[in-house]
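The values are calculated or read from the model by the stated rules, or taken from the named source; none is laboratory data. Because the structure is predicted, anything quoted here is derived from the model rather than measured. As a convention, Cβ positions derive from the backbone with ideal geometry for all residues, glycine included, and neighbour counts pool all protein chains shown. These accessible areas exclude ligands, DNA and RNA; they are computed on the full protein's heavy atoms, side chains included. Shrake-Rupley method; radii C 1.70, N 1.55, O 1.52, S 1.80 Å.
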Amino acid sequence: MQKSECHGGVHMRNRKAGSCDQRTLSSIQIKHRTTVQKSNSSSSASSPETARKLHPRPSDKLNPKTINPFGEQSRAPSAFAAIYSKGGIPCRLVHGSVKHRLQWECPPENLPFDPLLITLAEKFFLSHGLRETKHPYTFVSKEGFRELLLIQGAPEKAVPLLPRLIPALKAALVHLDDEVFARGLNALMQLSVVVGPSLNDHLKHLLTSLSKRLRNKKFKEPITSALQKLEQHGGNGSLVIIKSKIPTYCSICC
């Protein structure tokens, strides 16, 4: 009887000791997890990015985060570049030792102006095209526009497209960027030589921006030259329109 009680007492003591060990182990694990969490929280809070979020600098309000303009996300090809890469512009740039030139896949005389001339104008003088500074797209669009207007039969092909070309030219002439404006002015003179008096019906939409730029001494000479071209190829009808918008203009006939 005593042996049984002794054996039972030992068993109870072992169970109590086991329970105590388990509680001790659980307590150690909890303390370890708490220490790790505090350590992670401390390291996270000590990072520059977290510290900046918790304690923003006054300059952060003045200099909010912006997209890096030189990052990869800003280097997606423009619409004109995409069209050119897919063969939508039937010419390629030939690098010369002195200057570059275009090589057309077929004689430009055989190419339809619609939509080619429209594409060159819209993509070069509008949106992407105006800001297209990557080689060879700038040269291709500018030179392609010029060469198409030089082919035989260009007037007959270009005149019907004037209503669609004028918005592109107008966008260039009202653009704040001086380089863009200069491109538009040069294209306007090229178009005037080709279509002549047919341009008169659209002049009023273009002359307002020229009048504003005349105040800039940098453009006074090129704009005056452009107006003289318009008068020369547009005849008396163009002179009346020019004088109505720019009264200070002096006719080449004077």
Two-site label geometry, Gln152 and Gln232: point separation in nm, points 7 Å out along Cα→Cβ | 2.4 nm
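Starting with the highest mean, order 179-192, 216-229, 160-173 by the number of other Cβ atoms within 10 Å, averaged over the residues of each peptide. Walk me through the numbers before you get to the answer.
Values: 179-192: 20.4, 216-229: 15.3, 160-173: 18.7.
The most tightly packed comes first, giving 179-192, 160-173, 216-229.
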What percentage of the solvent-accessible surface of region 79-245, computed with a 1.4 Å probe over protein heavy atoms, is contributed by carbon and sulfur atoms?
-> 54 percent
Counting sequence-distant residues (5 or more places) and residues on other chains, those with an amide H built under 5 Å from that of Cys91 are Glu105
Read phi for every residue in region 223-228 and hand back ³J(HN,Hα) as whole Hz from Karplus 6.51 cos²θ - 1.76 cosθ + 1.60, θ = phi - 60°, with x for Gly and Pro.
-> 5, 4, 4, 5, 5, 5
Solvent-accessible ranking of Arg92, Arg215, largest area first, probe 1.4 Å = Arg215, Arg92
State to the nearest 20 debye the size of the charge dipole of region 79-245 about its Cα centre, where the only charges are +1 on K and R beta carbons and -1 on D and E beta carbons.
-> 640 debye
Highest to lowest packing among 142-154, 239-251, 96-108, scored as the average C-beta count within 10 Å = 142-154, 239-251, 96-108
Residue span His100 to Glu179: 0.36 nm per residue of separation minus Cα-Cα distance leaves a gain in nm of 26.4 nm
Quick one: ranking Val195, Val159, Val174 by accessible area, 1.4 Å probe, largest first, what do you get?
-> Val174, Val159, Val195
Note down the relative contact order for region 153-254 as a percent, whole number, built from C-alpha pairs under 8 angstrom at least six residues apart.
-> 27 percent
Any idea what the alpha-carbon Rg over 2.2 N^0.38 Å comes to for region 79-245?
-> 1.03
Expected field for His95, accessible surface area in Å² at 1.4 Å probe radius, rounded to 10, holds 120 Å²
Grab the Cα-Cα distance for Gln190 and Ala79, subtract it from 0.36 nm times how many residues apart they are, and report the gain in nm with one decimal.
-> 37.5 nm
